[in-house]
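Take a look at the structure set out below.
Please treat every number below as a calculation from the coordinates, not as lab data. All figures in this text were calculated on a predicted structure; none of them were measured in a lab. Backbone-built Cβ (ideal geometry, glycine too); neighbour counts: all protein chains shown.
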Amino acid sequence: MLNKPAQTSTPVHELIRERWSPRAFNGKAVSTTDLTAVLEAARWAASSNNGQPWRFIVATNDDASGHAAAVAGFAVRNQRWAKAAPVLVFACARKAFEANGNPNAHSWYDTGAAIATLTIEAQARGLRLHQAAGIERDTIRATYGVPEEFDIVVGFALGHQGDPDSLPEDLPGREREPRARKPLADIVFSGKFGTPAKLG
Ligand SMILES: Cc1cc2nc3c(=O)[nH]c(=O)nc-3n(C[C@H](O)[C@H](O)[C@H](O)COP(=O)(O)O)c2cc1C
């Protein structure tokens, strides 16, 4: 199995070090227990005013037509890898708070936090996840009847990691590309924006 651990400046938990976003999935089903647990993890994320704006639409490959409909919700370039994943999910965010109808400026932020939480639970269970902003929002809205009160934020594939060479075209090479991040000094400041914080 291809591993791409984060090259960190200081040790971090292995769930974070080992997480990455493969595109190759082997099609093996995700158990109902694991699928329920990752969604349960998302449920317990923090959110602004505990508004819980996230909603998830789940399709699994034990329902071939439902899975095919979900594949069609991904942009064509992402369908190339998403179609092999046993679980496809679309995350939606409620634009306004249910309690008072006020706009929720943090609905996408909260939905991202829920997916980050879900991702760590998935990693702990030996599952991998690949998110995609490249989705067909009009198609998804029509297919699932997503109400206008909700934005469609992102899609993701969930499953067991597969062989990079099972991917088409340029994707095996991209699967093996090293992972890169900006240095901490470029993203953590102290005193003045742009001044790197002194860290260990
Ligand atoms: C919001 C979001 C949107 C993304 N959209 C796509 C996408 O449309 N297609 C794709 O192949 N990967 C997509 N990715 C995956 C990122 O490219 C990937 O997470 C990033 O390169 C960092 O790699 P890593 O997750 O392996 O550390 C997306 C990730 C996120 C969080």
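Only residues of region 96-131 count here: report those whose backbone N is under 14 Å from the spot 7 Å along Cα→Cβ of GLU18, or say none.
Answer for region 96-131: 120-129.
Once you have a ≥ b ≥ c as the square roots of the Cα gyration tensor eigenvalues for region 1-125, tell me rounded if a/c is under 1.5, and otherwise prolate or oblate according to whether a/b is larger than b/c. Before the final figure, lay out the partial values.
Numbers: a/c = 1.90, a/b = 1.17, b/c = 1.62.
Here region 1-125 falls in the oblate category.
Using R₀ = 25 Å, calculate the FRET efficiency as 1/(1 + (r/R₀)^6) where r is the Cβ-Cβ separation of GLU148 and GLU177; round to 0.05.
Calculated transfer efficiency: 0.05.
Name the aspartates and glutamates eligible as straight-distance cross-link partners of LYS95: C-alpha to C-alpha under 18 Å, and not fewer than 8 places from it in the same chain.
ASP110, ASP138, GLU148, GLU149, ASP151
What shape does region 69-149 take by its C-alpha gyration tensor, where a ≥ b ≥ c are the square roots of the eigenvalues and a/c under 1.5 counts as rounded, a/b above b/c as prolate, and the rest as oblate? Please report the intermediate quantities before stating the final value.
On the way: a/c = 2.61, a/b = 1.29, b/c = 2.03.
Because a/c hits 1.5 or more and a/b fails to exceed b/c, region 69-149 counts as oblate.
Taking amide H positions as placed 1.01 Å from N in the peptide plane, with prolines and chain starts having none, which residues 5 or more places from ILE135, or on another chain, fall under 5 Å of its amide H?
Hits under the 5 Å cutoff: ALA75.
What shape does region 138-200 take by its C-alpha gyration tensor, where a ≥ b ≥ c are the square roots of the eigenvalues and a/c under 1.5 counts as rounded, a/b above b/c as prolate, and the rest as oblate?
On the way: a/c = 3.68, a/b = 1.36, b/c = 2.71.
Here region 138-200 falls in the oblate category.
Using helices alone, I'd like the mean residue ellipticity at 222 nm for the chain: each DSSP H run of four-plus residues gives -39500 (n - 2.57), total over residue count, nearest 500. Working shown, then result.
Working: 7 runs with 63 residues, N = 200.
Mean residue ellipticity, 222 nm, calculated: -9000 deg cm²/dmol.
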